[in-house]
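The values are calculated or read from the model by the stated rules, or taken from the named source; none is laboratory data. None of the values given here were measured: they were computed from a predicted structure. Positions of Cβ are backbone-derived with ideal geometry, glycine not excepted, and every protein chain shown enters the neighbour counts.
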Amino acid sequence: MVVNTDPKPGRWILPLVILGMVAFTYFFVRELPEATTETTLIGADTTTTDPTSETTDPSSETTVPDPTAAYLDALDQAETELATLAVEMAAVNDGFDADPRTIEISEADDRLVVVADATQALLDSVSALTPPVGLETSHQAIVTALTTANTAATSALEGLRSTDTGALRRAAATAYQDATDEFSTEVANARTAAGATDA
C-alpha cells in the first residue's frame, strides 16, 4: 500500500484552475482585433454637411395658398380662351375685308356669333370668381377688361349686320384685341400681387 505523503491533495486543484484561466485569457485577448484611436459616441450625430454643397434659399421660392392658386389657374385658362377668341375675331374681320373676300357675310355672321357668345360666357365665368383677399382691385380690373371685350364682340356683330361701311366692325375688332391685351396685363398684375412667379 502506497502512503500519500501530502496530507491535503486537493490544494493543487485551485492553482491549476487559476493557471488555466490565465492561459485562456491570454490566448483570447491575442485573438481580439487591435483597438483604433477613433471612438464613436453613442447617440452622436455622425452626419456631416458639405459646406460647398448647394442649399435652397427659402426666400427664392414663393408658396401661394391653394385658394389663390386655384383663382390664378382659372384666370390663366380664361386668358388662353380669350386669346383664341381674339385670333378668331381678327381672322373673320380680315377675311371679310379681303379683296377678293375670303369669308362671305353668312359665314362671318355665324363665326362672330360664336365669338360673342363665348365672350359673354367667359365674362360670366370670370365675374363669378371670388378673388382672394388682397386681389379685389386686380379682379375688378380683369372683369372691366373682359367687359370691354364683350361689348366689342357685340359691336362687331352689329356692325357686320348693319348698313355701315365697315368702320364700326373694324373699330370693334381693334377694341376686342386691345381689351384682350389689357386682360392679359391685369392677369399678370394679379399674379404679381399674389406673389406668384412663373417658373
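Right, ALA141: out of contact with any Lys or Arg (no Cβ under 9 Å at 6 or more places or on another chain) and part of a helix (DSSP H, G or I) or not?
yes
Among the residues of the range 153-165, write down those that are buried (at least 18 other Cβ atoms within 10 Å of the Cβ) and touching a residue at least 40 places away in the same chain (Cβ under 8 Å).
Residues satisfying the conditions are ALA153, ALA156, LEU157, LEU160.
Out of the residues in the range 66-104 that are of a type in the set (Val, Ile, Thr) and not in a helix (DSSP H, G or I), which is surrounded by the fewest Cβ atoms within 10 Å (Cβ to Cβ)? Once the filter is applied, the top-ranked residue is THR102. Can you name every residue in the range 122-138 that is surrounded by fewer than 12 Cβ atoms within 10 Å (Cβ to Cβ) and closer than 30 Å to LEU160 by Cα? The one that is surrounded by fewer than 12 Cβ atoms within 10 Å (Cβ to Cβ) and closer than 30 Å to LEU160 by Cα: ASP124.
The residues listed here are ALA121, ALA190, ALA116, ALA108; of these, the one that is touching a His at 6+ places or on another chain (Cβ under 8 Å), of a type outside the set (Ser, Thr, Tyr) and modelled with pLDDT of 95 or more is ALA190. Taking the criterion of being within 21 Å of ALA83 (Cα to Cα) and touching a Leu at 6+ places or on another chain (Cβ under 6 Å), the residues of the range 157-179 that qualify are LEU157, ARG169. Within the range 125-138, the set of residues being in contact with a helix residue (DSSP H, G or I) (Cβ under 7 Å, 6 or more places away or on another chain), among the aliphatic types (A, V, I, L, M) and outside any helix (DSSP H, G or I) comprises LEU129, LEU135.
The conditions of being at pLDDT 95 or above, farther than 18 Å from ALA118 by Cβ and of a type in the set (A, V, I, L, M) are not met by ALA152.
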